[in-house]
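A.B. asks: Structure incoming, see below.
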Amino acid sequence: MSEIIKFTNTNGWKDLEKPQPASVFIPDWYKNVESYMGGKKITDGKGGTLATIKKCMPVFDAITAGYIITSPADVMVTLKDGHQNFEWSNFGLISFHPIEQAPEHPLCKPYQYPKWNNPWGIKTPKGYSTMFVQPMHRESVFTILPGIVDTDTYTAPVNFPFVVNDPNFEGLIPKGTPIAQIIPVKRNAWNMKFGEQKELDEQANISTKLQTKFFDRYKTMFWQRKEYK
C-alpha cells in the first residue's frame with residue numbers, strides 16, 4: 001500500500017509548475033553517460049567489470065528519490081558593489097535572511113542569504129517528516145541549506161534559504177530550475193549498537209555472494225525498488 005504525500009498550492013498562482021517525481025528530472029549528464037567504459041559490457045580481466053557510475057544503484061536511488069520543486073519564474077542575478085542582486089518579475093519569489101542569522105555556516109558567503117519562497121504546502125501521513133535537500137547529483141549555480149520538517153503536523157509552505165556557489169556569478173536562473181528535492185522520511189526511535197561476530201559473518205556471506213556474478217551484483221541480489229509517483 002502506498003503512502004500519500006500531498007502538495008497544496010497555497011498562493012493560488014495560476015499555471016504554477018507542479019512538483020513532480022524526481023525521476024522526471026534525471027539530469028542529462030546521467031542520461032548520456034555510458035553504462036560501461038568504452039561502451040562494452042565486458043570484464044576487466046581481474047574479476048571485475050568496467051561499469052561506470054550509471055550502474056551504481058545508490059547514485060540512481062539518490063537522483064530519483066522523492067520529488068522536485070522547481071523555480072516558478074526566471075531570476076536574474078547581477079553584481080553591484082561586490083554584492084549579488086536578485087531580480088524577478090512576479091510571485092514574490094525570493095526574500096532574504098541577514099548573514100548574522102548563520103554567520104558561521106560552512107556555506108556562508110559575504111552577503112545575506114537569499115531564500116526561495118516556496119508556494120507549496122506539504123502534508124505527509126502521521127509519523128512521517130520531509131527532508132529538503134539540494135537536488136542530488138545535479139549541476140546548479142546555488143545550494144539550498146538542507147532541513148527536515150515534521151510535515152504531518154506542520155503543513156504550511158517550507159521555504160529554502162540558499163547561497164549562490166560563486167560569489168561572482170552573474171546570469172539567469174531560468175524558470176523550471178530544480179530548487180529542492182523533497183524526500184518523505186518515517187520517524188522512528190533509534191538506538192545505536194555495535195556489531196559483533198554475527199554481523200561480521202553476515203558481511204562475509206554478502207561478499208562471497210557478490211563474487212558469484214560479474215554484472216549488476218548489488219542490483220540483482222540486494223537492491224529494492226523505490227516508488228515515488
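A short reminder: the numbers here are calculations on the coordinates, not readings from a lab. The structure displayed is predicted, hence computed values, not measured ones. Backbone-built Cβ (ideal geometry, glycine too); neighbour counts: all protein chains shown.
A.B. asks: Under a 10 Å cutoff between Cα atoms, tell me which one of K186, K198, K219 has the largest fluctuation in the Gaussian network model of the chain.
C.D. replies: Per the Cα network of the chain with a 10 Å cutoff, K198 tops the list.
A.B. asks: If you average the C-alpha positions of region 183-224 and of region 127-165 separately, how far apart do those two centres end up, in angstrom?
C.D. replies: 28 Å
A.B. asks: Would you mind calculating the relative contact order of the chain from Cα pairs under 8 angstrom and at least 6 residues apart, reporting the percent as a whole number? Walk me through the numbers before you get to the answer.
C.D. replies: Numbers: 372 pairs, mean separation 57.9, N = 229.
For the chain, the relative contact order is 25 percent.
A.B. asks: Continuing with this model, one more query. Out of region 94-140, which trypsin sites (Lys or Arg not before Pro) are coil in DSSP terms and have no more than 12 other C-beta atoms within 10 Å? Mind showing how you got there, number by number?
C.D. replies: Details: sites: K115, K123, K126, R138; in loops: K126, R138.
Here the trypsin sites (Lys or Arg not before Pro) that fit, given the DSSP loop and packing criteria, are K126.
A.B. asks: On C-alpha positions alone, give me the angle between the axis of helix 197-210 and the longest principal axis of the chain, in degrees, nearest 10.
C.D. replies: Between the helix axis and the principal axis of the chain, the angle is about 80 degrees.
A.B. asks: Sticking with this one: Below 12 angstrom from the Cβ of T78, what's the summed charge of the other residues (Lys, Arg +1; Asp, Glu -1)?
C.D. replies: -2
A.B. asks: In region 145-229, what chymotrypsin sites (Phe, Trp or Tyr not before Pro) fall in a loop by DSSP, with at most 10 other Cβ atoms inside 10 Å? Numbers along the way, then the final one.
C.D. replies: Values: sites: Y154, F162, F169, W190, F194, F214, F215, Y218, F222, W223, Y228; in loops: Y154, F169, W190, F194, F214, F215, F222, W223, Y228.
Answer in residue order: W190, F194.
A.B. asks: ³J(HN,Hα) across region 61-69 via Karplus (A = 6.51, B = -1.76, C = 1.60, θ = phi - 60°), whole Hz, x for Gly/Pro?
C.D. replies: Karplus values, whole Hz, x for Gly and Pro: 5, 5, 4, 9, 6, x, 9, 10, 9.
A.B. asks: Is the C-alpha gyration tensor of the chain telling us rounded, prolate or oblate? Criteria: a/c under 1.5 is rounded; beyond that, a/b larger than b/c is prolate, otherwise oblate.
C.D. replies: Numbers: a/c = 1.99, a/b = 1.59, b/c = 1.25.
Prolate.
A.B. asks: Is it possible to state the helix-based mean residue ellipticity at 222 nm for the chain, with each DSSP H run of 4+ residues giving -39500 (n - 2.57), the sum divided by total residues, to the nearest 500 deg cm²/dmol? What is it? All intermediate terms of the calculation are to be shown ahead of the outcome.
C.D. replies: Working: 4 runs with 31 residues, N = 229.
Value at 222 nm, helices only, nearest 500: -3500 deg cm²/dmol.
A.B. asks: Which residues' amide hydrogens lie under 5 Å from the amide hydrogen of D152, considering only partners 5 or more residues apart or on another chain, with H built in the peptide plane?
C.D. replies: For D152, the qualifying residues are T124, Y128.
A.B. asks: Restrict the search to region 19-116; then list the GluC sites (Glu not before Pro) that DSSP places in a loop and that have at most 15 other Cβ atoms within 10 Å of their Cβ.
C.D. replies: E34, E104
A.B. asks: Highest GNM mean-square fluctuation, the chain, Cα pairs closer than 10 Å: which of P106, P174, P58?
C.D. replies: Its mean-square fluctuation being the largest, the pick is P106.
A.B. asks: Here is a further query. Find how much the distance from K219 to T143 grows on full extension, using 0.36 nm per residue of separation minus their present alpha carbon separation; answer in nm with one decimal.
C.D. replies: Numbers: separation 76, 0.36 × 76 = 27.36 nm, distance 3.03 nm.
Result for the pair: 24.3 nm of gain on full extension.
A.B. asks: With N residues in region 74-158, what two-decimal value do you get for its Cα radius of gyration over 2.2 N^0.38 Å?
C.D. replies: Numbers: Rg = 15.0 Å, N = 85, 2.2 N^0.38 = 11.9 Å.
Rounded to two decimals, the normalised Rg is 1.26.
A.B. asks: Sticking with this structure for a sec: Mind checking which of T155, T124, V141 is farthest towards the positive end of region 118-229's charge dipole, using Cβ charges of +1 (Lys, Arg) and -1 (Asp, Glu) about the Cα centre?
C.D. replies: Of the options given, the answer is T124.
A.B. asks: Right, next: Too long at a 31 Å Cα-Cα cut-off: which of K186/K219; K109/K229; K14/K219?
C.D. replies: On the way: K186/K219 24 Å; K109/K229 36 Å; K14/K219 42 Å.
From the list (K186/K219; K109/K229; K14/K219), the Cα-Cα distance tops 31 Å for K109/K229; K14/K219.
A.B. asks: Mind giving me the nanometre distance, one decimal, between the label points for T208 and E227, set 7 Å out from Cα along Cα→Cβ?
C.D. replies: Taking the two extended label points, one gets 3.5 nm.
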